[in-house]
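The values are calculated or read from the model by the stated rules, or taken from the named source; none is laboratory data. Quick caveat, the model's predicted, so the values are computed rather than measured. Glycine also receives a Cβ, built like all others from the backbone with ideal geometry; neighbour counts cover every protein chain displayed. All accessible areas refer to the heavy atoms of the entire protein, side chains included, with ligands and DNA or RNA removed. Shrake-Rupley method; radii C 1.70, N 1.55, O 1.52, S 1.80 Å.
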Amino acid sequence: RTKITRLSKQLRDFLYLKTQLKLLMKKFINIRLPATAACSVAFGVGLGLIFKFYRIDLIWLTAIIPVATIIFITTILKRKFTQLIFTVILLIFLFSAFLNCYLRINNYQKLDITYGNSYSITGTVSHKYSTKDFSYIIIENAIADDIILSGKIYAKLLEDYGDFCDSGYKVSFNAELNINDAFLYGELNPLSEENIKYSCIVLNGMISEYRFSLFGTVRSEIYNALFENLDYETAAITYAMLTGYTQHVDEDAMQSFRYGGIAHIFAVSGLHIGIVFALISFICKKLKLNKFIYALIILNFIFIYAGICGFTLSSVRAAIMCTVATLCKLIYVKNDGLNSLSIACCTILFITPLSLFSLGFQLSVCAVGGLCLFSAIIRNNLKKIKCPSFISSAAGTTFGAQLGTMPIMLANFGYLSGAGLLLNIIIVPVLSILFIALFGGTLLSIIIPPIAPVILPVVALPFQAIISFLLNAGFEKALIGGFGAGLFVPLYFLCVLSFSDKFNFKRLSRIICVSCSVLILTAFVLIMSFYPFSGLKISVSAYYGGGSIILKSSEGNILIVTDGANKGRVARALNKNYAFNPKGIIILGGEDCVNYYSQLNINSYDIYVCKLNIAVQPFDYATVHYEKNFSICGINFEFKDSGSVLADYQGFTIGICDYDNPFDYCNLLITKNAENINYYSQLNVFFHSKGYEYNNYEYGDIEFYLKDGILMHSKIYPDFNKTN
């Protein structure tokens, strides 16, 4: 009887786990079990990536055993069985996510074939897209010389590649296969998120065979209907808005949408899925269908639409949240946005754990999280001051999403759109109405092709007017940037969460918490921006093509770029180092690069290039210097040729060159390649040369601190002290 009583008590504790946990945390935080589980899964995935990137032995996981033992003994002695069960569940989620991520990356690094060999390849095209110069396909279920490949193939198609192919087609061709690295330039390879393990170039001889593909066929019909009946620019933008495929949109046009802060209209997510959800719901209600049939129809339509859009992470996240909302309605349970978001995150991360590191996933989750946490508070406060309901609702939605995504935008792009708030309040609601018209018009055009030349130009006419305005408004003049990387992200979230109603603070406690977090965040930004420390910080960054170096001291910042450096990576390096206002820009490669780097929107009017290339035309936006010897921020520079410069800081010399090394000696040599290197230097850093001691390809950004003539490293790399 005693044993039965004890078991029944434990069973009651387990059944009332959520209630008791809420009571336990009521004094501080309004906890949600799905949200806690999602955080545990995300932490486990992140831990798995760290273990793989830094090659940490799994034996270190045993360090958790003493901690787990102490927790277990403490909870048993205090009879805290509810907390014990809750902790065990979270640990199971964490370790499952850890192993899932670790094994996915481990499998991605396994070799099925020999690098660089030519193979006879067959497979099915899952996606196809084109740019101005080339077409690309992604091949799944691929076989290379009877070897079943464990990943997808990314194939570039040259002009005479062979038979036409599209999504769903079975293709076969001969090509040399290259293997993608799991990590490049210090980051997880974006291709690994979709398990695209191989790449190749198809020169000619491709043979294709048509295979029916529901998603591919519908997508092709949408493409044909739009591009055959609208001008190219309008068709490309409407196609991107309907399907999420932006590969046909001109890069300058995409940049205009980013500068305006409304590029999210191309990410098929809550806006698109929500409109489809509302349209199908309206039709089903008019037909007075049974609620179970209604749920089946609406969920099928949503997932078919997500499939047409290529099952992008944002569309899958929105579809799962709609599924949760529909099921809650069926069983008469109140739907909670934060809980449904957490369930969607857990589902996606268990299926594709590497999605956590996708920018699209981060922006999608943070936008919805911001809506759940802040939109109601903003809306209610605006209503208190007699703000019209439609304005308060639009402002609450916009501000909530902006608060959630702001640190992610700053960390990855280095800027925010100053016009974004206004455009999201005014333009996005209009675009939502136009999306309904475009969606309906495109659907009718596919079903009844003869009416497409009439209906599509009509529904696209107001859309063309808005596109013209957005492309020519010059939103780049309203950008806010120069901060937001590193510790800024967690400090920012600590700051904004202080305002949230998810924490049960009293008024005085909330004011103190908000004030302290704002002060800490402000102090961090100021210290990082103005660098009050003595000495010189040297940051070396690179991506395919070239690299950049940022020299940061208490006197100011200097940017040095090589020919072919990736503009996006240069902008990220500036943002990461809080150096968006350099005192001078030194360009290696000649005056032809000046216009290229002017598109970075850097607030610097002094540009230095080698005197061997004197500009024949003036530059309105900057003063271009051609001196061989010059000084910036207390650092002396000397051009050796158009592709190399020597910097002297208090007797410590830094040689930076594109290719050949022209320096007799320097303390620190930074160069592209390992060929023709004069090794009379204290330390060599390479932008791309994999396998050498210090290179950006394997380790990402490399930072040094120079103080009193001594070079100190900011990260732990093997044998640095010995080399130094």
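Summary table below
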{"quantity": "Qualifying residue in segment 647-660 (condition: buried (at least 19 other Cβ atoms within 10 Å of the Cβ), at pLDDT below 90 and in contact with a Leu (Cβ under 8 Å, 6 or more places away or on another chain))", "calculated": "yes"}
{"quantity": "Total residues in segment 62-85, condition touching a residue at least 12 places away in the same chain (Cβ under 8 Å) and closer than 20 Å to Leu47 by Cβ", "calculated": "2"}
{"quantity": "Single unsatisfied condition, Ala306 versus (1) under 22 Å from Val365 (Cβ atoms); (2) in contact (Cβ under 8 Å) with a residue 40 or more places away in the chain; (3) of a type outside the set (Lys, Arg)", "calculated": "(2)"}
{"quantity": "Residue under evaluation Thr82, criteria (1) touching an Asp or Glu at 6+ places or on another chain (Cβ under 6 Å); (2) farther than 20 Å from Pro34 by Cα, criterion not met", "calculated": "(2)"}
{"quantity": "Enumeration of residues in segment 222-269 that are part of a helix (DSSP H, G or I), touching a residue at least 60 places away in the same chain (Cβ under 8 Å) and of a type in the set (A, V, I, L, M)", "calculated": "Ile222, Ala225, Leu226, Ile237, Met241, Leu242, Ala253, Ile265"}
{"quantity": "Hey, Leu410 crowded, with 21+ Cβ neighbours inside 10 Å and either of a type in the set (S, T, N, Q) or assigned to a helix (DSSP H, G or I) (or both) or not", "calculated": "yes"}
{"quantity": "All positions within segment 469-508 that are among the small types (Gly, Ala, Ser) and under 27 Å from Asp336 (Cα atoms)", "calculated": "Ser498, Ser500"}
{"quantity": "Flag for Ser393 being under 30 Å from Leu423 (Cα atoms), open to solvent by less than 60 Å² (accessible area, probe 1.4 Å), at pLDDT below 85 and assigned to a helix (DSSP H, G or I)", "calculated": "yes"}
{"quantity": "Meets criteria (touching a strand residue (DSSP E or B) at 6+ places or on another chain (Cβ under 9 Å) and at pLDDT below 90) for Lys128", "calculated": "yes"}
{"quantity": "Of all residues making up segment 272-315, the number that are part of a helix (DSSP H, G or I), of a type in the set (Phe, Trp, Tyr) and more than 16 Å from Gly440 (Cα to Cα)", "calculated": "3"}
{"quantity": "Residues of segment 278-299 satisfying the condition of being touching a residue at least 12 places away in the same chain (Cβ under 8 Å) and among the hydrophobic types (A, V, I, L, M, F, W, C)", "calculated": "Leu279, Ile280, Cys284, Phe292, Ala295, Ile297, Ile298, Leu299"}
{"quantity": "Segment 110-121 - residue that is at pLDDT 90 or above and surrounded by fewer than 16 Cβ atoms within 10 Å (Cβ to Cβ) and, of those, nearest to Asn180 (Cα to Cα)", "calculated": "Ser118"}
{"quantity": "Residue in segment 677-699 that is surrounded by fewer than 19 Cβ atoms within 10 Å (Cβ to Cβ), in a strand (DSSP E or B) and modelled with pLDDT under 85 present", "calculated": "yes"}
{"quantity": "Qualifying residue in segment 434-453 (condition: in contact with a strand residue (DSSP E or B) (Cβ under 8 Å, 6 or more places away or on another chain) and open to solvent by less than 40 Å² (accessible area, probe 1.4 Å))", "calculated": "no"}
{"quantity": "Qualifying residue in segment 521-531 (condition: closer than 26 Å to Ile607 by Cα and outside any helix (DSSP H, G or I))", "calculated": "yes"}
{"quantity": "Subset of segment 422-432 (residues that are more than 13 Å from His264 (Cβ to Cβ) and open to solvent by less than 60 Å² (accessible area, probe 1.4 Å))", "calculated": "Ile425, Pro429"}
{"quantity": "Positions within segment 43-60 being open to solvent by 30 Å² or more (accessible area, probe 1.4 Å), touching a residue at least 24 places away in the same chain (Cβ under 8 Å) and more than 19 Å from Lys110 (Cβ to Cβ), in sequence order", "calculated": "Phe43, Leu47"}
{"quantity": "Residue that is farthest from Gly440 (Cα to Cα), among those in segment 234-265 that are open to solvent by less than 10 Å² (accessible area, probe 1.4 Å) and within 20 Å of the chain's Cα centre (by Cα)", "calculated": "Gly260"}
{"quantity": "Selection count, segment 80-120, where residues are closer than 30 Å to Ala155 by Cβ and either part of a helix (DSSP H, G or I) or in contact with a Pro (Cβ under 7 Å, 6 or more places away or on another chain) (or both)", "calculated": "10"}
{"quantity": "Some residue of segment 349-364 being farther than 30 Å from Phe53 by Cα, touching a helix residue (DSSP H, G or I) at 6+ places or on another chain (Cβ under 7 Å), surrounded by 19 or more Cβ atoms within 10 Å (Cβ to Cβ) and modelled with pLDDT of 90 or more", "calculated": "no"}
{"quantity": "Unmet requirement for Lys156, which otherwise passes all of (1) of a type in the set (D, E, K, R); (2) under 30 Å from Phe687 (Cα atoms); (3) touching a strand residue (DSSP E or B) at 6+ places or on another chain (Cβ under 8 Å); (4) not in a strand (DSSP E or B)", "calculated": "(4)"}
{"quantity": "Residue list for segment 700-721, restricted to those being under 27 Å from the mean Cα position of the chain (by Cα), of a type in the set (D, E, K, R) and modelled with pLDDT under 90", "calculated": "Lys715"}
{"quantity": "Residues within segment 55-79 that are at pLDDT 80 or above and not in a helix (DSSP H, G or I), tallied", "calculated": "3"}
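Yes or no, residue by residue, for (1) touching a Phe, Trp or Tyr at 6+ places or on another chain (Cβ under 8 Å); (2) over 30 Å from Ile467 (Cβ atoms); (3) open to solvent by 50 Å² or more (accessible area, probe 1.4 Å):
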site: Glu140; (1), (2), (3): no, yes, yes
site: Asn174; (1), (2), (3): yes, yes, yes
site: Leu188; (1), (2), (3): yes, yes, no
site: Lys197; (1), (2), (3): yes, yes, no
